[in-house]
Amino acid sequence: MTVSPRITDFADGISAIDTEYVRPMMDASHLIVNGGRAAFVDTGTSHSVPLLLAALEAKGLQPDDVDYVLVTHVHLDHAGGAGQLMAALPRALAVLHPRGAPHMADPSRLIKGSIAVYGEDLFASLYGEIRPIPEQRIRIVEDGDRLQLGGRTLEFLHTEGHARHHYCIADADRGVIFSGDTFGLSYRDLDTDKGEFIFPSTTPVDFDPGAAVSSIDRLMGRSPEAIYLTHYSRVTDLRRLADDLKQDIDAFAGLARGVSGREDPVPALEDGLREHMYLRLDRHGCNPDPSWRESIIGDDIRLNAQGLKVWLARQSGG
């Protein structure tokens, strides 16, 4: 079956490919092309791989033109398709954080944990088959390591806060960073004449508000001109967005502390997050329809509440 990927081209040989995870323009894989060599940043799920290969073909490239599959972290909306994609790219290396690499070589724990959350049927629908990556095809990058892509230097920055197995990719010569989830989520549906809207991702199990703020500050210390998010692609009003993210992280942590001690804090967390986010959407001039808002950010509210619950338990030694 022929697939037609939604591709958005930017400067500097960067293209966003819609992985079609859950809904349009929610999850992107970025293709970097330089000097005839290519790299993917994040992959979406196994269901996304035909779209990525079709995008490669649309750019006049062959599978053996791809040097790297750069996986910012091993959450399955970012890394679920990495094994399938690697099987189709004979020369590529999978570039992974040292804490994430074992889970890509043997994804059994990722699969088990995700099935426990979603159930087998929904897991299969969302993610498909998670294939392991042979260890000899994995390149582990430490903080500050650099790789060359057709003469282009990519630097890897370990950034905790969202996940302990997370890195970002800085291209200093072009003033851009690929941030995975470290610099939050900014869906294009929420853009208004006031610009881009952004909010943090506090999903289980590693959310750390202090580390998250420090990682944002580290990225901003590079003075980037644009940041490419997995959810969803290029943002440029970076100082305002960084301030919004840090204020939200403080607010989210405050909401969590306010329900500390409850047997099940999740319902109150969801209510508090929804109220906070809807007020922000009001100020940003977004569509006021609650059902529309829920369709765009409802899943993130629920996942963020779960992550804050885990963080709270960790603070109390639970």
Which one of the conditions (1) out of contact with any helix residue (DSSP H, G or I) (no Cβ under 7 Å at 6 or more places or on another chain); (2) part of a helix (DSSP H, G or I) does ARG234 fail to meet, given that it meets all the rest?
(2)
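Looking at the structure I just gave you, is ARG152 basic (Lys, Arg), surrounded by fewer than 18 Cβ atoms within 10 Å (Cβ to Cβ) and either more than 20 Å from the chain's Cα centre (by Cα) or under 30 Å from PHE10 (Cα atoms) (or both)?
Spelling it out, it is not the case that ARG152 is basic (Lys, Arg), surrounded by fewer than 18 Cβ atoms within 10 Å (Cβ to Cβ) and either more than 20 Å from the chain's Cα centre (by Cα) or under 30 Å from PHE10 (Cα atoms) (or both).
Quick check: is even one residue across region 105-112 small (Gly, Ala, Ser) and out of contact with any Asp or Glu (no Cβ under 6 Å at 6 or more places or on another chain)? So that I can check it myself, show each step before the final result.
Residues of region 105-112 small (Gly, Ala, Ser): 105, 108.
Now drop any that are not out of contact with any Asp or Glu (no Cβ under 6 Å at 6 or more places or on another chain), which leaves 108.
Among the residues of region 105-112, at least one is small (Gly, Ala, Ser) and out of contact with any Asp or Glu (no Cβ under 6 Å at 6 or more places or on another chain), which makes the answer yes.
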Is there a residue being of a type outside the set (Lys, Arg), more than 16 Å from the chain's Cα centre (by Cα) and crowded, with 23+ Cβ neighbours inside 10 Å anywhere in region 4-23?
no
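Only the coordinates and a few stated rules stand behind these numbers; no lab work does. No experiment lies behind these values; they were computed from the predicted model shown. Quick reminder, even Gly has a Cβ in these numbers, built from the backbone with ideal geometry, and neighbours come from all protein chains shown.
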